[in-house]
Amino acid sequence: MMKNSILKAGVLLLIFTAISVFFVTLTQDTTKEKIKYNEDQLLIKRLGELVLSYDNNILEDKFSKEIKLHGLNQEVGIYPAKRQGKVFAYLVEHTYPNGYNGNIRLLTGFDISHQLLGVRVITHKETPGLGDKIETRKSDWIKQFAGLSLFNPQKSDWKVKRDGGVFDSFTGATITPRAIVSAAYQVLVYFTKHEIN
């Protein structure tokens, strides 16, 4: 009698698990395209914030490159912005691993003379109300990178003010601004020293 009860409970649990797995898989498959579409729309918006008047299909011209950046091997996405067939800027999608709460996915743009067009956050897990001020919808803080280069400011100034540099940080959140400053500088250093193609 006891064996039958245990067997019955086991079969019911198995059926429930199978049904749950089916619906989770179905939900994931049906939302995958929607998620991809939303991610692409956000990326197009971020690209448009950094570079204007390109006449190529920047998403189709994207290429990937395996590099060591920010202390880790990663595949970066590179979007060449062209005008009349000539590249005038690159936007690099990369991951900075040392945010306060882990990875920060960034888009860093620079022109062919290695002057920054700007930096934008694609995804992050920074603390709401503190570290999330790296988002343009929360603050203009991240817009200060436009026009900077490897030597403007000098290397020793590419730090937050608390560390002796020129960049402001947020009250109660130094790690996140420190991460963005470091990430922007490291992208400039890497692509100044290495061929982009």
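The values are calculated or read from the model by the stated rules, or taken from the named source; none is laboratory data. These numbers were taken from a predicted model, which means no experiment stands behind them. Every residue, glycine as well, gets a Cβ built from its backbone with ideal geometry; the counts of neighbours run over all protein chains shown.
At-a-glance table
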read-out: Scope the range 25-56; condition within 22 Å of Ala146 (Cα to Cα), basic (Lys, Arg) and without any contact (Cβ under 8 Å) to a residue 12 or more places away in the chain; matching residues; value: Lys45
read-out: Check on Gly118, assigned to a strand (DSSP E or B), on the phi > 0 side of the Ramachandran plot, surrounded by 21 or more Cβ atoms within 10 Å (Cβ to Cβ) and not hydroxyl-bearing (Ser, Thr, Tyr); value: yes
read-out: Which listed residue is among the small types (Gly, Ala, Ser), within 20 Å of Ile142 (Cα to Cα) and either in a strand (DSSP E or B) or touching a residue at least 24 places away in the same chain (Cβ under 8 Å) (or both), from Ala81, Ala89; value: Ala89
read-out: Output for the range 141-171, where each listed residue is touching a helix residue (DSSP H, G or I) at 6+ places or on another chain (Cβ under 9 Å) and part of a loop (DSSP other than H, G, I, E, B); value: Ala146, Leu148, Leu150, Trp158, Lys159, Gly164, Gly165, Val166, Asp168, Ser169
read-out: Considering residues of the range 94-106 that are surrounded by fewer than 21 Cβ atoms within 10 Å (Cβ to Cβ) and either among the aromatic types (Phe, Trp, Tyr) or within 16 Å of Ile44 (Cβ to Cβ) (or both) only, the residue modelled with the highest pLDDT; value: Arg105
read-out: Meets criteria (in contact with a Lys or Arg (Cβ under 8 Å, 6 or more places away or on another chain) and touching a residue at least 12 places away in the same chain (Cβ under 8 Å)) for Thr127; value: no
read-out: Condition check for Leu59: more than 20 Å from Val189 (Cα to Cα), surrounded by fewer than 18 Cβ atoms within 10 Å (Cβ to Cβ) and either hydrophobic (A, V, I, L, M, F, W, C) or free of Cβ contacts under 8 Å to residues at least 60 places away in the same chain (or both); value: yes
read-out: Residue that is nearest to Phe145 (Cα to Cα) [pool: residues in the range 171-191 that are touching a Lys or Arg at 6+ places or on another chain (Cβ under 9 Å) and touching a residue at least 60 places away in the same chain (Cβ under 8 Å)]; value: Ser182
read-out: Unmet requirement for Glu126, which otherwise passes all of (1) part of a helix (DSSP H, G or I); (2) at pLDDT below 85; value: (1)
read-out: Residue in the range 130-143 that is among the hydrophobic types (A, V, I, L, M, F, W, C) and surrounded by fewer than 18 Cβ atoms within 10 Å (Cβ to Cβ) present; value: yes
